[in-house]
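Chemist: Handing you this structure, nothing more for now.
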Ligand code: ADE
């Protein structure tokens, strides 16, 4: 029997999901709260990790190792790099990298450490489900590369440097760390983001203005995916 983890980084990213679930049980664990529910007969566990790679690594690990989730969906917002991505648009990660992982001093490429890889790949079956959902909703969803790091990017130069190394379409602060956890533990994962800003000098204003509405767009799409996963049972 499947148990689905649904993660966000901030409260606003999971609030629409909790609303849709209705009743849930709250469990405190490892300095965070986890919300367990049964949705259309399938168990789900929802949590927001707090921002960044460390907190998201911790939460993803706990969702899998403590709550025994066997697939993980992440919903949230991102800064756009690809000029085709506008505020509120959706991007599905095909692969993700850590843009701030840097041991280039030793001749390695950006994002690489021995024993790891520059990119981690999201689950192809879950991406296929997202395409069906996009078709049903009549929505254009871009599939692309997401770069993750422990900085809120608000500078064209920094953004261009991330493009140079990773050819990324969007950037955020949790996707790749969640992906690395899932990959290591053989758990299929899916990262969805709706655009809140374009990671330039206006990014913080744009983020404050659009984060909540974009988070809702992403959460609604994720719940449509959960409907598909549940219906396939
Ligand atoms: N999430 C949303 N916008 C972002 C940005 N500009 N930088 C990092 N993470 C983000």
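The values are calculated or read from the model by the stated rules, or taken from the named source; none is laboratory data. All figures in this text were calculated on a predicted structure; none of them were measured in a lab. Glycine also receives a Cβ, built like all others from the backbone with ideal geometry; neighbour counts cover every protein chain displayed.
Chemist: I'd like to verify a number: residues in region 72-90 that are in contact with a strand residue (DSSP E or B) (Cβ under 9 Å, 6 or more places away or on another chain) and surrounded by fewer than 20 Cβ atoms within 10 Å (Cβ to Cβ), how many?
Modeler: First, the residues of region 72-90 that are in contact with a strand residue (DSSP E or B) (Cβ under 9 Å, 6 or more places away or on another chain): 72-82, 84-90.
Narrowing further to those that are surrounded by fewer than 20 Cβ atoms within 10 Å (Cβ to Cβ): 82, 84, 86-88.
The total comes to 5.
Chemist: Can you run down the residue pairs with Cβ atoms below 8 Å, 6 or more apart or on separate chains, where the first is in region 77-97 and on the phi > 0 side of the Ramachandran plot and the partner is buried (at least 20 other Cβ atoms within 10 Å of the Cβ)?
Modeler: What qualifies is 88/194; 88/195; 88/214; 88/217.
Chemist: Only one residue in 147, 168 is within 15 Å of the ligand (Cβ to nearest atom), farther than 30 Å from residue 231 by Cα and assigned to a strand (DSSP E or B), so which one is that? Steps first, please.
Modeler: On the way: 168 fails: assigned to a strand (DSSP E or B).
Exactly one residue qualifies, and that residue is 147.
Chemist: Now a separate question. Checking residue 61 against (1) out of contact with any strand residue (DSSP E or B) (no Cβ under 9 Å at 6 or more places or on another chain); (2) more than 24 Å from residue 124 (Cβ to Cβ), which test does it fail?
Modeler: (2)
Chemist: For the condition without any contact (Cβ under 8 Å) to a residue 60 or more places away in the chain, surrounded by fewer than 19 Cβ atoms within 10 Å (Cβ to Cβ) and within 15 Å of residue 148 (Cβ to Cβ), what is the one hit in 19, 50, 25? Can you show your working first?
Modeler: Numbers: 19 fails: within 15 Å of residue 148 (Cβ to Cβ); 25 fails: within 15 Å of residue 148 (Cβ to Cβ).
After ruling out the rest, the residue left standing is 50.
Chemist: Then there is this: Give region 148-201 a look and list any residue that's under 20 Å from residue 122 (Cβ atoms) and without any contact (Cβ under 8 Å) to a residue 60 or more places away in the chain, or say none.
Modeler: The answer is 167, 184, 186.
Chemist: Now for a separate question. Before we move on, is residue 189 within 30 Å of residue 232 (Cα to Cα), buried (at least 22 other Cβ atoms within 10 Å of the Cβ) and touching a strand residue (DSSP E or B) at 6+ places or on another chain (Cβ under 8 Å)?
Modeler: On the way: within 30 Å of residue 232 (Cα to Cα): yes; buried (at least 22 other Cβ atoms within 10 Å of the Cβ): yes; touching a strand residue (DSSP E or B) at 6+ places or on another chain (Cβ under 8 Å): yes.
For residue 189, the condition - within 30 Å of residue 232 (Cα to Cα), buried (at least 22 other Cβ atoms within 10 Å of the Cβ) and touching a strand residue (DSSP E or B) at 6+ places or on another chain (Cβ under 8 Å) - is met.
Chemist: May I ask you to verify whether residue 51 is modelled with pLDDT of 95 or more, within 16 Å of the ligand (Cβ to nearest atom) and closer than 30 Å to residue 200 by Cα?
Modeler: Working: modelled with pLDDT of 95 or more: yes; within 16 Å of the ligand (Cβ to nearest atom): yes; closer than 30 Å to residue 200 by Cα: yes.
So residue 51 passes the test.
Chemist: Go through region 95-105 and count every residue that is more than 15 Å from residue 53 (Cα to Cα) and either surrounded by 17 or more Cβ atoms within 10 Å (Cβ to Cβ) or within 13 Å of the ligand (Cβ to nearest atom) (or both).
Modeler: 1
Chemist: Can you pull out the residues in region 184-198 that are closer than 25 Å to residue 140 by Cα and more than 11 Å from the ligand (Cβ to nearest atom)? Steps first, answer last, please.
Modeler: If we filter region 184-198 for residues that are closer than 25 Å to residue 140 by Cα, which is where we start, we get 188-198.
Answer for region 184-198, where residues must be closer than 25 Å to residue 140 by Cα and more than 11 Å from the ligand (Cβ to nearest atom): 188, 189, 190, 191, 192.
Chemist: Here are 181, 133, 226: which of them is within 24 Å of residue 103 (Cβ to Cβ), away from the ligand (no atom under 11 Å from the Cβ) and either in contact with a strand residue (DSSP E or B) (Cβ under 9 Å, 6 or more places away or on another chain) or in a loop (DSSP other than H, G, I, E, B) (or both)? It would help to see each step written out before you state the result.
Modeler: Details: 133 fails: within 24 Å of residue 103 (Cβ to Cβ); 226 fails: within 24 Å of residue 103 (Cβ to Cβ).
Testing whether each residue is within 24 Å of residue 103 (Cβ to Cβ), away from the ligand (no atom under 11 Å from the Cβ) and either in contact with a strand residue (DSSP E or B) (Cβ under 9 Å, 6 or more places away or on another chain) or in a loop (DSSP other than H, G, I, E, B) (or both) leaves just 181.
Chemist: Report, by residue number, each residue of region 199-223 that is within 16 Å of the ligand (Cβ to nearest atom) and under 13 Å from residue 91 (Cα atoms). Before you say what the answer is, go through the steps one by one.
Modeler: Step one: filter region 199-223 for residues within 16 Å of the ligand (Cβ to nearest atom), giving 199-219.
The answer is 214, 215, 217, 218, 219.
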